[in-house]
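Accompanying notes for the structure given below.
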Amino acid sequence: MKKRNRLHKHMKKSQDKQHQRNYKNRKHLVQKKFRQANLTYIDDIVTPQPTDHNIHNSQKRKWAFINYKKKDNQTITGLKEHGQLHSDLKFVVLEG
């Protein structure tokens, strides 16, 4: 991460193609490492190791993670019309 940030500074200052390539390669490497770490973390939560002494806690973590992922965070956002923000659903349906 530190090297990626440093390469980003160099790229922005110089606008050199080589610096851009170095930055993009490092950025892709960091993204790949983050994704791998995230998948490993999720795998550890969902499939507990047989060496876990407290199977209750591991099952609790698994179901807490699953319930968290199932939550619906989508909401209807307000509608802006002529500079006014309308969040009332009836207004949006009747006027729309």
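The values are calculated or read from the model by the stated rules, or taken from the named source; none is laboratory data. Being a predicted model, the structure only gives us computed values, none of them experimental.
Is it the case that region 27-40 has a residue that's hydroxyl-bearing (Ser, Thr, Tyr) and closer than 30 Å to Lys62 by Cα? Within region 27-40, one or more residues are hydroxyl-bearing (Ser, Thr, Tyr) and closer than 30 Å to Lys62 by Cα.
Identify, please: which residue in region 1-53 is of a type in the set (D, E, K, R) and outside any helix (DSSP H, G or I) and is, among those, modelled with the highest pLDDT? If we take residues in region 1-53 being of a type in the set (D, E, K, R) and outside any helix (DSSP H, G or I), then Asp16 is modelled with the highest pLDDT.
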